[in-house]
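Following: one structure in structure tokens, then a few remarks.
Coordinate-derived values only; no laboratory data. Given the structure is predicted, the values throughout are model-derived calculations rather than measurements. Here the Cβ positions follow ideal geometry from the backbone for every residue, glycine too, while neighbour counts run over all protein chains shown.
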Amino acid sequence: MNITFNLNQAAEVTAFMGYSYSNTRVVTFFSRKPMPKGSHNVKWYSTNNEGVIIKAPPGKYFMYGNWAYTLASNAIYVKSGAHITGISVEPVIFDPTSHKEGGLRSTANISFNLTGDALVELSVVDAKTGLIVAYRKYSDLLSGSNTIEWDGRNGAGEFIAPGKFRIGVRAVDTTGYASLLQYTLLRIYY
């Protein structure tokens, strides 16, 4: 789901998803994030903060909400830490047992933008169980456009069973700051 909202002036924004007719937050997208005037987007894949796909209880539906705390006209914010934006995976249906030209095994290519130099952590989460089935670290990635490869294997070197998976990526910079996980979806089929 792509949610668009507009700010008529710079503000700190808290955005979340909750249930209708209740004061229950299901997921917080960001809390008091400084944002400039203009149009902004939030993408949500019907998952909670742990990346597990969720459904609304019977008789309820999901309801988006946000709060904007306007900033003074002379406010100055110092941004720190590396962040991930624009994540995608290719192919979206992946057969890790297949081969590409030259006989090399196929890989899933996860592309994203990095706002600062950082180590990048990859978590592969089973969409059905919510369990992390694979985890990798990619060190010394530079700010800008990046692509990392994943071979479809777990930590024991075994191919992961077919199914739907959430590919989570986060940046950890040299100060230890870790960004929020950004997710995209991948299906393994063979």
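Quick look at the values:
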{"quantity": "Contour excess over end-to-end distance, with Cα ends at Leu131 and Ile53 and 0.36 nm allotted per residue", "calculated": "26.9 nm"}
{"quantity": "Choice from Leu142, Leu114, Leu122 showing the highest fluctuation, given a GNM over the chain with Cα pairs closer than 10 Å", "calculated": "Leu142"}
{"quantity": "Reach of Lys37 by Cα under 22 Å, taken over lysines that are not fewer than 8 positions away in the same chain", "calculated": "Lys79"}
{"quantity": "The chain, dipole about Cα centre (Lys/Arg Cβ +1, Asp/Glu Cβ -1), debye to the nearest 20", "calculated": "640"}
{"quantity": "In nm, spacing of pseudo-spin labels at Ser20 and Lys37 (7 Å Cα→C-beta vector)", "calculated": "3.6"}
{"quantity": "Segment Phe5-Lys60, length gained on full extension (0.36 nm per residue, minus Cα span)", "calculated": "17.5 nm"}
{"quantity": "Cα centroid separation - the stretch 165-179 against the stretch 84-157, whole Å", "calculated": "13"}
{"quantity": "FRET efficiency, Tyr45 to Ser139 (Cβ-Cβ, R0 35 Å, nearest 0.05)", "calculated": "0.80"}
{"quantity": "For the chain, built as a Gaussian network whose Cα springs stay under 10 Å, the top-fluctuating residue of Lys37, Lys137, Lys128", "calculated": "Lys37"}
{"quantity": "Cα gyration tensor shape of the stretch 84-188, rounded if a/c is under 1.5, else prolate or oblate by comparing a/b with b/c", "calculated": "prolate"}
{"quantity": "Overall form of the stretch 29-96 per C-alpha gyration tensor (a/c, 1.5; a/b vs b/c)", "calculated": "oblate"}
{"quantity": "Segment Lys164-Asp151, length gained on full extension (0.36 nm per residue, minus Cα span)", "calculated": "3.1 nm"}
{"quantity": "Fewest-first ranking of Val27, Val89, Val169, using other Cβ atoms within 10 Å as the exposure measure", "calculated": "Val27, Val89, Val169"}
{"quantity": "Ascending count of other beta-carbon atoms within 10 Å, so fewest first, for Leu131, Leu71", "calculated": "Leu131, Leu71"}
{"quantity": "Selected from Val42, Val92, Val172 as most flexible by GNM, with the chain as the system and alpha-carbon contacts under 10 Å", "calculated": "Val42"}
